[in-house]
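Here's the structure we're looking at; comments come further down.
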Amino acid sequence: MRKVKQNIRNFATMLLFSDKNSRIDWALGLTAVLIAIASLVISHTLVSDLQREERTRMELWAEAMRALNQADENTDLGLVLNVINGNHTIPVIVLDSNGNVQTIRNIDKRHDEAELTAIAHEWRSEGNVIRVEMDSHDYMEVCYDESTMLRRLTRYPYIQLLVVAAFMVVCIIALLAAKRAEQNKVWVGLSKETAHQLGTPISSLMAWVEVLRENYPDDELIPELDQDVKRLERIAERFSKIGSAPELKPTDVTAVINNVVRYIKRRTSHHVTITTDLPDSPLTATINAPLFEWVIENLCKNAVDAMHGNGSLTLTAFEERGKAVVEVSDTGCGIPPSKFESVFRPGYTTKQRGWGLGLSLANRIIREYHRGSIFVKSSEVGVGTTFRVEV
């Protein structure tokens, strides 16, 4: 028994480290988010710088167009034409003062004039326009769009983040699967070791009970002692089943609940009132009776502890949508809504001497072995709690 307690203590210590690792994971996740935000900010700054640079280039290009339109026979057009012909990336549409298309550059020539005018007006509405005064009565508008390279740079950080996010999701799924597999191995190892360590003392106790029965056949305490030893044997059997596929077979759930009630009543203060609301006919479900009985028993024990030995415990069973439903209600201290999911996590407990394993094991038994569900149906602090099991 000492070794069993040590194993449980080691497992609880591992759970504490697991919680610490969870906090580290959150810190790393927050760091990753901050890095992503910083990357977007830096990318936005670079894009803004490139936009200003393209604006400067277009202002120079527009000035070259003004010089070309006002040139005479003495004007050297070499530099002007070099500036105009040097634009190979920025789409440009030049409109005259009447809104007619005067020239285009780096645009598909299959567009007709109406389409080009519409495109130019769209660019102008975005602020990508430079007005060039020709004389007091004439002007032209140089409408332009972002270059292909700038558009790619604008989208690239978001595409990069999506790729990184997808990669992180795959990594997280893989890590969670590995962590879950590791936890499963720990559960199985702990359960098997507990069953193994209990086996020898239980066998000895069974032998001593037989000796006592032969020597004191009329002693009234021996049958009670025999029931407790058999109880320990069933507990060891339950732990030995963890990790292996349990045998599920049609069982009357009401009979299982009655067994739990009989056991709890004998070991609970008379200040706790235990009542049942069960159907008159058998409520059959495909379950493993020893494991399912342990789940209901664990819920009842938690309820008694939550009431501190004084209150009312009610077990209700019925059929709903083809499933057997069991509800365990108490008038205890209650659970805050924010803790409805946390109570099923390994290591979570409000008891000074608790290990936080009972509800976690119950959750595993119901969800993984019976393909059912277990959850907090309702709870109010200071009023009570109702747990619901569906199989």
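The values are calculated or read from the model by the stated rules, or taken from the named source; none is laboratory data. Nothing here was measured: the structure is a model prediction, and the numbers come from that model. In this analysis, Cβ positions are derived from the backbone assuming ideal geometry, glycine residues included, and neighbour counts consider all displayed protein chains. The protein model used for the area step is the full one, side chains on, heavy atoms only, and it has no ligands, DNA or RNA in it. Shrake-Rupley method; radii C 1.70, N 1.55, O 1.52, S 1.80 Å.
Number of residues in region 45-60 that are closer than 13 Å to residue 83 by Cα and among the basic types (Lys, Arg): the value is 1. Take the conditions surrounded by 12 or more Cβ atoms within 10 Å (Cβ to Cβ), in contact with a Lys or Arg (Cβ under 8 Å, 6 or more places away or on another chain) and not hydroxyl-bearing (Ser, Thr, Tyr) and apply them to residue 92. Does it pass? So residue 92 fits the description; yes.
Selection within region 136-158: residues that are of a type in the set (Phe, Trp, Tyr) and part of a strand (DSSP E or B). The member of this set that is modelled with the highest pLDDT is 144. Take the conditions (1) acidic (Asp, Glu); (2) touching a Leu at 6+ places or on another chain (Cβ under 8 Å); (3) surrounded by 13 or more Cβ atoms within 10 Å (Cβ to Cβ); residue 293 misses just one of them, which is (2).
With respect to the conditions (1) at pLDDT 85 or above; (2) part of a helix (DSSP H, G or I); (3) crowded, with 20+ Cβ neighbours inside 10 Å, residue 238 falls short on a single one, namely (1). Quick one: in region 195-225, which of the residues that are within 23 Å of residue 267 (Cα to Cα) and β-branched (Val, Ile, Thr) is surrounded by the fewest Cβ atoms within 10 Å (Cβ to Cβ)? Only one residue fits best here, namely 222. Scanning region 61-89 for residues that are open to solvent by less than 20 Å² (accessible area, probe 1.4 Å) and part of a loop (DSSP other than H, G, I, E, B) gives a single hit, 87.
Does residue 123 count as in contact with a strand residue (DSSP E or B) (Cβ under 6 Å, 6 or more places away or on another chain) and assigned to a helix (DSSP H, G or I)? Judged against the criteria, residue 123 is a match. Screening the candidates 351, 377, 323, 301 for the property of being of a type outside the set (A, V, I, L, M, F, W, C), open to solvent by 70 Å² or more (accessible area, probe 1.4 Å) and modelled with pLDDT under 80 yields one hit, 351.
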